[in-house]
Amino acid sequence: MKKIILFSLISVIYISCNSKGKNNPQSCNGNTRREIKICTDAKSELISLISEKSTIGDLGNISVPLKVKSETERLDLELRVYEITGKVDKCKKEHDGDYHIRLIDSDGNYIICESANPDCHYTKNSKFISQIIEVRDFVKSNEIEGKTVTITGVAFIDIDHVYARKQAKNNIELHPILKITF
């Protein structure tokens with residue numbers, strides 16, 4: 001009986017691990033507000049291509065009009081492109097194939113910026129696919145952790161993950177990154 005329970009437990013863990021992340025193409029670019037964060041939703045055509053210079057702290061203090069949920073459509077704030085500069089605190093390839101780049105400023109404010117996975121079939125329809133590919137090539141070709149970078153990206157409000165993360169307090173991110181330079 002113990003062997004059956006142990007086998008069942010191992011099977012459940014194996015199945016759950018393989019149903020998300022790198023092992024599941026359906027999780028490519030995540031599945032929470034995916035169309036918005038890779039700019040394939042209908043409203044993405046309305047995104048202003050004129051970037052606004054800002055700071056990590058200022059973006060983190062923008063008032064977000066409501067608690068964003070998985071089914072929330074693109075907000076007006078998410079029709080804007082921002083340019084910010086900060087030190088790369090962490091750069092990590094996530095299970096969904098995106099590179100998660102966490103910036104920090106001199107005041108200790110954080111923001112997450114994401115280099116979307118251009119190899120994902122969902123992303124290939126993004127209006128920004130050429131920029132997404134250029135950004136991915138830059139991130140893969142350069143050691144950026146610990147260095148100061150300037151990132152231009154589309155404002156995206158992530159859902160509240162409920163657990164503590166080093167991120168903007170209003171859950172704003174730049175996703176996708178459209179340009180990154182030293």
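The values are calculated or read from the model by the stated rules, or taken from the named source; none is laboratory data. This structure is a prediction, so every number in the text was calculated from the model and none was measured. Quick reminder, even Gly has a Cβ in these numbers, built from the backbone with ideal geometry, and neighbours come from all protein chains shown.
At a glance:
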| read-out | value |
| --- | --- |
| E94 being at pLDDT 80 or above and over 19 Å from I159 (Cα atoms) | no |
| Filter result (under 22 Å from I56 (Cβ atoms) and among the basic types (K, R)) within segment 94-135 | R102 |
| Selection from segment 65-94 of residues that are within 16 Å of K37 (Cα to Cα), of a type outside the set (S, T, Y) and not in a strand (DSSP E or B) | V68, K69, E71, E73, R74, L75, D76, L77, E78, L79, R80, E94 |
| Test for I112: is it modelled with pLDDT of 95 or more, assigned to a strand (DSSP E or B) and in contact with an Asp or Glu (Cβ under 6 Å, 6 or more places away or on another chain) | yes |
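Okay, residues lined up against (1) over 23 Å from S44 (Cβ atoms); (2) free of Cβ contacts under 8 Å to residues at least 60 places away in the same chain; (3) crowded, with 19+ Cβ neighbours inside 10 Å:
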residue: R102; (1), (2), (3): yes, no, yes
residue: E114; (1), (2), (3): no, no, yes
residue: N117; (1), (2), (3): no, no, yes
residue: T123; (1), (2), (3): no, no, yes
residue: E134; (1), (2), (3): no, yes, no
residue: E145; (1), (2), (3): yes, yes, no
residue: A155; (1), (2), (3): no, no, yes
residue: A168; (1), (2), (3): no, no, yes
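A quick yes/no check of all residues on (1) modelled with pLDDT of 95 or more; (2) among the small types (G, A, S):
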residue	(1), (2)
I101	yes, no
D107	yes, no
S130	yes, yes
E143	yes, no
T152	yes, no
Q167	no, no
N171	no, no
